[in-house]
1. For PHE62, what charge total do you get from the other residues with a beta carbon under 11 Å from its beta carbon, if Lys and Arg give +1 and Asp and Glu give -1?
2. Among GLY46, LEU60, ALA93, whose Cα projects farthest towards the positive end of the dipole of the chain, with charges put on the beta-carbon of Lys, Arg (+1) and Asp, Glu (-1)?
3. Find how much the distance from THR68 to MET1 grows on full extension, using 0.36 nm per residue of separation minus their present alpha carbon separation; answer in nm with one decimal.
4. What does DSSP give for the chain in terms of the percent of beta bridges that are antiparallel, rounded to the nearest 5?
5. How about the chain: which GluC sites (Glu not before Pro) there lie in a loop by DSSP and see at most 15 other Cβ atoms within 10 Å?
6. Once the convex hull of the alpha carbons of the chain is built, what does its volume come to per residue, in cubic angstrom?
7. Assigning unit charges at the beta carbon (Lys, Arg +1; Asp, Glu -1) and nothing else, what dipole magnitude in debye, to the nearest 20, does the chain show about its Cα centre?
8. Mind jotting down the distance between the C-alpha centroids of the stretch 19-41 and the stretch 47-97, whole Å?
Amino acid sequence: MGSFYYDGKETPITVDDRALAHLKAVMLTKLRRNESFAVSWSNEDGHGRNTIWVNPAVPLRFSFDAPTSPELDPEWLVQLAEEAVLGGISFTAKSAG
């Protein structure tokens, strides 16, 4: 289970490592291009939805539990990149604990 931290906040957004690796790849590519975009997630328990606006000026940190990176699926990367262009990346966050 991995996490990413946005805007220096101490509370992480928790995602399984494989999904987080894909999110990281797409998010960092967009940020390298100086592109801002939305990221939305619903809570695994079905209660609530969150959206953040990601831009290069806001601190972002990724934390993975696994010591090695999972293999990335090119089709999934394309799908996430297209979502980012069309309105924002969406995923389901895992429950903490």
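We did not get these values from a lab; they are worked out from the coordinates using the rules stated. This is a predicted model, so every value here is computed, not measured. Here the Cβ is made from the backbone with ideal geometry for all residues, glycine too, and neighbour counts use every protein chain on show.
1. +1
2. LEU60
3. 22.9 nm
4. Here the antiparallel bridges make up roughly 70 percent for the chain.
5. Listed in order of number, the matching sites are GLU10, GLU35, GLU44, GLU71.
6. Here the figure is 100 Å³ per residue.
7. Magnitude of the dipole: close to 360 debye.
8. The distance from the Cα centre of the stretch 47-97 to that of the stretch 19-41 comes to 6 Å.
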